[in-house]
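Working notes, structure below.
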C-alpha cells in the first residue's frame, strides 16, 4: 500500500519537474518548484525521514520560493527562446538516464535490511545513542554529537554563503517606514488578518521545533528556517521597513556570526575542560547531562545562524529592489 | 514485485536528468538555477531511499520498537538541504548582479556582450 502511494507521489514529482522545465513563465516555474518541494517532503516522510521532511517543507517550499520570487522581481519573469543545441542536450540526457537506470538493476531493493549502507556505522549510532547520549531522536544525536564536526562545517558553509550574498548585493540604504507608506500588503484585509493571527504561532512553532529537537523531529536547521519564515511573512505583510525596524540589519549580522561562534565556543569549552574539541561529556559532572547541554547549545547556535543568514539574504534582495 | 523496489531509483535517475537538462539546455540563468535545485533534490531522494529499512520506523527511539531506518543518510541530507538553499541564494545574488551589469540573464545575450 505504502509503495503504491510512493509511486503516486513519484509520478507527481516527475510531472511537476517536467512542467517546471517546460514552462516559459519563470513565475509559474518558481511556484511549481514550491509544489515540487512539498511533494518531495511527503516522499521523505514516507521513507521514514521525518526530520528531513520537516526541513524540506520549511526550506524548499517556504524560503526558497520567496528568494526565487525576490530574484525574479529584479530580473524579469519571462525567458526568451530556447537554446540552439536542444536536440544534442536531449540526446545526452536520454542516454545518461538509460545508463543510470541500467546501473540501478544492481542496487539493493528498497528497504532491504542487508544493503551495504546498513552494515557500517549507521547501526552503531542507533545502538549507542541510548547509552552515550540518551536522547530519543537518533538523528539529532548523530547530527549534534557523533558527527558534530560535519555540522560545524555545514554551519560555516551557510555562514559563508550569507556573507557572500551580502558582498554581492550589499545591505542597501536603511529604509524608514514613513518614507514608504505603501509597502507590504497592509491594505489587503484578508492577508493582513490571517497573517497577524499566524505569525505568532509560526514563531512559537519555530521555538518548539528548536528546543524539542532532542525528542522529536526538529532541531536548529528546521527551527531557523521556520523562525525566518515568520519574520519574512511579517515583512511581506507590513512592509520590509517595519520588519527591519523590529530586527535591524546590524542585529541580524550579529545573529549570523553569533550562532557560528556559539557553536565553536562550545567546542573550545570542551577543550578547555580537558577533553577533545566538540566533546560535550565534560561540560557537566555527568557525561550524559554534558551531552544534553552540549547538543542544546550547538542546536541553538545552528538555529541562530540559519535564521540570521536567511533573513539577511531576504533583506539583501528586497533592498536591491528599492534602489 | 521485485522490480517495484527499484522505482525510487528510477525516479531519481529521471529527476536528476530533468534537472540536468534545464542546466545545459535552458539559456535563462534563473531556469538553470531551478534545474540545479531539481538535480539536488534528486540526489537527496537517492540518499533517503537508501536509508529506508523495510518495516522500520523513523529513527526516534521509543519502547517497543526495535527496527529503525538508518539515521546517517538523513543527517547528511538534512544539513545538505540548508547548505543547498544558501548556495542557491548565492547563485541568485550573482544572477541579480549579472542582470544589473549586462541588462540580461539570457546566456547568448551575455556572451554577445562579452565578445564586443
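All of the numbers you see were taken from the coordinates with simple rules; none came from a lab. Every value quoted in this text rests on a predicted model; they were computed, and no experiment measured them. Cβ: placed from backbone, ideal geometry, glycine included. Neighbour counts: every protein chain shown.
Between the stretch B:1-66 and the stretch A:243-321, what is the separation of their alpha carbon centroids in Å?
30 Å
Would you look at the GNM of chain A, springs on alpha carbons closer than 10 Å, and say which of A:162, A:195, A:259 moves the most?
So, out of A:162, A:195, A:259, the one fluctuating most is A:195.
What is the spread of the Cα atoms of the stretch A:1-158 along each of their three principal axes, largest first, in whole Å?
60, 39, 32
Using 0.36 nm times the number of residues separating residue A:22 and residue A:197, minus their current alpha carbon distance, what extension gain do you get? Numbers along the way, then the final one.
Numbers: separation 175, 0.36 × 175 = 63.00 nm, distance 3.76 nm.
So the chain would gain 59.2 nm between residue A:22 and residue A:197.
Comparing A:66, A:190, A:306, which has the greatest mean-square fluctuation in the GNM of chain A with Cα pairs linked when under 10 Å apart?
Sorting by GNM fluctuation, first place goes to A:190.
In whole angstrom, how long is each semi-axis of the equivalent ellipsoid of the stretch B:34-87, when you take the square root of 5 times every eigenvalue of its Cα gyration tensor and sort them from largest down? Present the calculation step by step, with values, prior to reporting the outcome.
Numbers: eigenvalues 144, 27, 8 Å².
After scaling each eigenvalue by five and taking roots: 27, 12, 6 Å.
Sketch the reach of a paramagnetic label on residue A:104 as a point 7 Å from Cα along Cα-to-Cβ, and name the residues of the stretch B:44-68 whose backbone nitrogen lies under 16 Å away.
B:44-52
List the extent of the Cα atoms of the stretch A:121-323 along each of their three principal axes, largest first, rounded to whole Å.
57, 34, 28
Taking each residue in A:200-213, count the Cβ atoms of any other chain within 10 Å of its Cβ, then average. What number comes out?
Details: counts 0, 0, 0, 0, 0, 0, 0, 0, 0, 0, 0, 0, 0, 0.
Mean shielding by partner chains, rounded to a whole number: 0.
Beyond 16 Å, what percent of the Cα pairs of the stretch B:55-116 remain? Working shown, then result.
Details: 1239 of 1891 pairs.
For the stretch B:55-116, the share of Cα pairs beyond 16 Å comes to 66 percent.
Just tell me how shielded A:63-70 is by partners: mean number of partner chain Cβ atoms within 10 Å of each residue's Cβ, no decimals. Present the calculation step by step, with values, prior to reporting the outcome.
On the way: counts 4, 8, 0, 0, 5, 7, 0, 3.
Other-chain Cβ atoms within 10 Å of each residue's Cβ, averaged: 3.
Give the order of A:9, A:54 when sorted by the count of other beta carbons within 10 angstrom, beginning with the fewest.
Fewest-to-most Cβ neighbours within 10 Å comes out as A:9, A:54.
Points 7 angstrom from Cα along the Cβ direction at residue A:92 and residue A:188: gap in nanometres?
4.1 nm
At 1.567 mPa s and 4 °C, plugging the Kirkwood radius over alpha-carbon pairs of the protein assembly as shown into Stokes-Einstein gives what diffusion coefficient in µm²/s?
57 µm²/s
Among A:315, A:212, which comes first, second and so on when ranked by fewest other beta-carbon atoms within 10 Å? Numbers along the way, then the final one.
Values: A:315 26, A:212 15.
By the 10 Å Cβ count, ascending, the order reads A:212, A:315.
Efficiency by 1/(1 + (r/R0)^6): what FRET value for residue B:65 and residue A:114, r their Cβ-Cβ distance, R0 = 22 Å, to the nearest 0.05? List each step's numbers first, then the result.
Numbers: r = 20 Å, r/R0 = 0.91.
With a Förster radius of 22 Å, E is 0.65.
For a footprinting-style exposure proxy, rank A:7, A:2 by other Cβ within 10 Å, fewest first. Each step should come with its number before you reach the end.
On the way: A:7 14, A:2 9.
By the 10 Å Cβ count, ascending: A:2, A:7.
From zero up to wherever the largest Cα-Cα distance of the stretch A:1-72 sits, split into 5 Å bins and tell me the percent of pairs in each.
Whole-percent P(r) values from 0 Å outward: 3, 18, 24, 23, 17, 9, 4, 1, 0.
In a GNM of chain A with a 10 Å cut-off on Cα contacts, which of A:168, A:283, A:185 has the highest mean-square fluctuation?
Highest fluctuation among the options: A:168.
For B:38-49, what's the mean count of beta carbons from other chains sitting within 10 Å of each residue's beta carbon?
Neighbouring Cβ atoms belonging to other protein chains average 5 per residue here.
If you split all Cα-Cα distances of chain B into 5 Å bins from zero, what percentages do you get per bin, shortest first?
Percent of pairs per bin, in order: 2, 10, 14, 15, 15, 12, 9, 7, 5, 4, 3, 1, 1, 0, 0.
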